[in-house]
Every structure is written in structure tokens, then in C-alpha cells.
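Chemist: Pasting in a structure now, in C-alpha cells, and then I'll have a few things to ask.
The values are calculated or read from the model by the stated rules, or taken from the named source; none is laboratory data. It should be emphasised that the depicted structure is a prediction, and the values quoted were computed from it without experimental measurement. Positions of Cβ are generated from backbone atoms using ideal geometry, with glycine treated the same way; all protein chains shown enter the neighbour counts.
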Amino acid sequence: MSHPFAHPSSELLLASVEKVLFDKPVYQRMDRHIVFVCGGAVGPRKKSARNGFLRYAVHALPQFRVFLAEAATKDLVQFNDPQFVNLAEFENLVADIADCILIFPETPGSIAEVGYFSASVKTVRKILIANDIRRQQESFINLGPIDLINQNSFFKPVIHIRRPPIEEDFRAIRDRLTSRLPTKNAKKLELEKGVSLAVRERFFMVFEIINIFRILTIDSLVYCMCKFFGDQDKKIIGHMLSVLCAARYLDRHGDDSQYFSPSTTAGSFLEFRGSDINKIKVSIVQHYALHHPESASLIKGSGI
């Protein structure tokens, strides 16, 4: 697989993107808050509390980005050698990315997630539990993990909901999220060339670099990230790509699914003010047409 930046003319493209990142203001968007939601089955006819909340959140929480952790885990396992997949490391990344981990403990798997996430000092502060109102009696989960969460979480206390939930239950969750994570302004990023990004900012940037360059392999992405922000951990970048694919921010392309492009429905995490990003994108596509026909063909074939 050839490198799209092997031709000398690519240096001009990389320099133009570098100018966008370091010479112009870059902001995190207002709708930057990320909530990972754990719970029962999701789908058109599923009646889980989680599924109901996901439908509600589309219109009631426009300033929040909702992700499903297990979908990202599935992508990670499917597209990586299982012997090199460290799920504990992956869950740690999820905790770094998330503003909140909302758990509906309505299945054995989601009950296990309560125990798993509550055991970490890093994640316990980010947990919000929406528990069945009928399950307030003494039990291992209430006396153990949930009590620990009620003591330490930024989103405490537990919210008790009916089964099946009604809109009032979901409003209580919405109000808790918006009161603890208010969004008043876009947040400016202080970016410096060669200086490593925090995990969350790196996650945003991984998407934005692919969005600008339209289609990249993980190797090409790591090349760009290294050029702009210093050395990168390819495995962590791969984990981030799995999260973005699972959330349908990125699509996979190519016979071996090794190319990534922005989904047509994905919204940016960052704002590049004072820069003509579309003009740069046109130059990149022209570069591919001349010097990297494989990328050009994938762009043309998928309508990116």
C-alpha cells in the first residue's frame, strides 16, 4: 500500500494544514460533550430503557454526542488481531474520552459494567446510574458499586426510573447532564507544533485530520499526527478509530477495510476559524488524482 504523502508536492498540502492548526484559532464546538451509554439492547423494536433514552436524546440533548461502548469494542475485535486486543486498555481510553458514562443496569452485561467502571478512580467520577425504581432494596450492586458511585461521582445521586420509562424519567437524566455539564461557549484549543495533545483533544483531532484529508489509512493518519504533534501511539490511534467507526463518524473502505473516511452524517468536533478548509480539501483531492490514484478512486467510488 503506497503512501499518499510520498510525493514532494504533499509538503505544500501538509504545510497548508499546519497553518490551519497553528496559525489560526481552533475551537472545540459547543456540542462537544460525549456520553457513553450502557444498558439493554438497542434497535427499532427494542424496549430497553437505554433504547428509549437514545431516541429521546436525539432531540432533547443536541449539545451532547452519544456513543455506545460495546459497539466500539466490537469494531476493535473485528478489525484487529484478537491476541493484541487489550479490552481493559480500551475501556480506559473510553473513560478518558467521555464526559459521562450513563449506565442503565438492566442486563447482566450492563450490571457488570457498573462494577467494572466503579472500580476505577478515573471512571467512578464520571458515572451516572439510571436504575429501576423497583430495585432499591439491599443487594450486592446497591450496597457495593452503586453506593461507591453515590459517594464519588460528579453526577450523583442515582436517578430512579420507572419500567418502562416515561418521558419524565428521561427529562430527569437530561436535566442532570445539562446542569453538571453546562455549555456556554466554544472552547479554544492552545495547539503547539510538536507538542502532544491530551487524550480527548487527540481523539477530536484524529477525526478532523481524516475529515480534512478525506481518506486515510491508519499509517497515513499516524504520519500526519506525528508531523503535527510529535510521536504517536499507533495502537491508541487504532482504538480511537474503532470508537469513531462504531459511532458512525467514520466509514471503512477498501478490500481490507484499512481506509477511513468521514461519514456523510458526521459533524465536526472542532471549528477552524479564519481558514478555508474546503479549499484545502479540493487541493488534497487534486493531489490524490495526480499522485495517489488508489485514494482518488476510493473517493470517487464512495462519493466522499
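Chemist: Any chance the range 26-34 includes a residue that's under 30 Å from S275 (Cβ atoms) and modelled with pLDDT of 95 or more?
Modeler: Scanning the range 26-34 turns up at least one residue that is under 30 Å from S275 (Cβ atoms) and modelled with pLDDT of 95 or more.
Chemist: Please tell me if N80 is more than 23 Å from I111 (Cβ to Cβ) and either of a type in the set (A, V, I, L, M, F, W, C) or in the same structural domain as E168 (by TED's automatic domain parsing) (or both).
Modeler: Numbers: more than 23 Å from I111 (Cβ to Cβ): yes; either of a type in the set (A, V, I, L, M, F, W, C) or in the same structural domain as E168 (by TED's automatic domain parsing) (or both): yes.
For N80, the condition - more than 23 Å from I111 (Cβ to Cβ) and either of a type in the set (A, V, I, L, M, F, W, C) or in the same structural domain as E168 (by TED's automatic domain parsing) (or both) - is met.
Yes/no per residue for (1) closer than 25 Å to Q28 by Cβ; (2) at pLDDT 90 or above:
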| residue | (1), (2) |
| --- | --- |
| V58 | yes, yes |
| Q83 | no, no |
| L102 | yes, yes |
| K122 | yes, no |
| I127 | yes, yes |
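Chemist: So how many residues does the range 1-28 have that are under 23 Å from the mean Cα position of the chain (by Cα) and either hydrophobic (A, V, I, L, M, F, W, C) or crowded, with 17+ Cβ neighbours inside 10 Å (or both)?
Modeler: Selection size over the range 1-28: 5.
Chemist: Exactly one of (1) at pLDDT 95 or above; (2) among the acidic types (D, E); (3) in the same structural domain as L21 (by TED's automatic domain parsing) is unmet by D169. Its number?
Modeler: D169 satisfies all of (1) at pLDDT 95 or above; (2) among the acidic types (D, E); (3) in the same structural domain as L21 (by TED's automatic domain parsing) except (3).
Chemist: To continue, here is another question. I'd like the residue in the range 250-279 that is in contact with a strand residue (DSSP E or B) (Cβ under 6 Å, 6 or more places away or on another chain) and among the small types (G, A, S) and, out of all such residues, is nearest to L13 (Cα to Cα).
Modeler: Filtering the range 250-279 for residues that are in contact with a strand residue (DSSP E or B) (Cβ under 6 Å, 6 or more places away or on another chain) and among the small types (G, A, S), the one nearest to L13 (Cα to Cα) comes out as S261.
Chemist: On the basis of being under 20 Å from V243 (Cβ atoms), surrounded by 16 or more Cβ atoms within 10 Å (Cβ to Cβ), in contact with an Asp or Glu (Cβ under 7 Å, 6 or more places away or on another chain) and at pLDDT 85 or above, does I97 make the cut? I'd like the intermediate steps shown before the answer.
Modeler: Numbers: under 20 Å from V243 (Cβ atoms): yes; surrounded by 16 or more Cβ atoms within 10 Å (Cβ to Cβ): yes; in contact with an Asp or Glu (Cβ under 7 Å, 6 or more places away or on another chain): no; at pLDDT 85 or above: yes.
The answer is no for I97.
Chemist: If you take the residues in the range 122-134 that are touching a helix residue (DSSP H, G or I) at 6+ places or on another chain (Cβ under 8 Å) and not in a strand (DSSP E or B), which one is surrounded by the fewest Cβ atoms within 10 Å (Cβ to Cβ)?
Modeler: Of everything passing the filter in the range 122-134, K122 is surrounded by the fewest Cβ atoms within 10 Å (Cβ to Cβ).
Chemist: Return the total of residues in the range 5-53 being more than 30 Å from K126 (Cβ to Cβ) and in contact with a strand residue (DSSP E or B) (Cβ under 7 Å, 6 or more places away or on another chain).
Modeler: Qualifying residue count for the region: 2.
Chemist: Across the range 129-148, which residue is nearest to I173 (Cα to Cα) among those that are of a type in the set (A, V, I, L, M, F, W, C) and at pLDDT below 95? Let's see the steps before the verdict.
Modeler: Applying the first criterion (of a type in the set (A, V, I, L, M, F, W, C)) to the range 129-148 yields 129-130, 133, 140-141, 143, 146, 148.
Within this subset, residues satisfying the condition of being at pLDDT below 95 are 133, 140-141, 143, 146, 148.
Details: I133: 14, F140: 24, I141: 20, L143: 22, I146: 17, L148: 19 Å.
Filtering the range 129-148 for residues that are of a type in the set (A, V, I, L, M, F, W, C) and at pLDDT below 95, the one nearest to I173 (Cα to Cα) comes out as I133.
Chemist: For the range 142-256, list the helices (runs of 4 or more DSSP H) that sit wholly inside it and hold at least 2 residues that are basic (K, R), under 30 Å from S48 (Cβ atoms) and touching a helix residue (DSSP H, G or I) at 6+ places or on another chain (Cβ under 8 Å); which are they?
Modeler: Working: elements: 145-152, 167-180, 199-213, 218-229, 234-246.
In the range 142-256, 167-180 are the helices (runs of 4 or more DSSP H) which contain 2 or more residues that are basic (K, R), under 30 Å from S48 (Cβ atoms) and touching a helix residue (DSSP H, G or I) at 6+ places or on another chain (Cβ under 8 Å).
Chemist: When you go through (1) closer than 20 Å to C245 by Cβ; (2) part of a helix (DSSP H, G or I) one by one for N80, which number turns out not to apply?
Modeler: (2)
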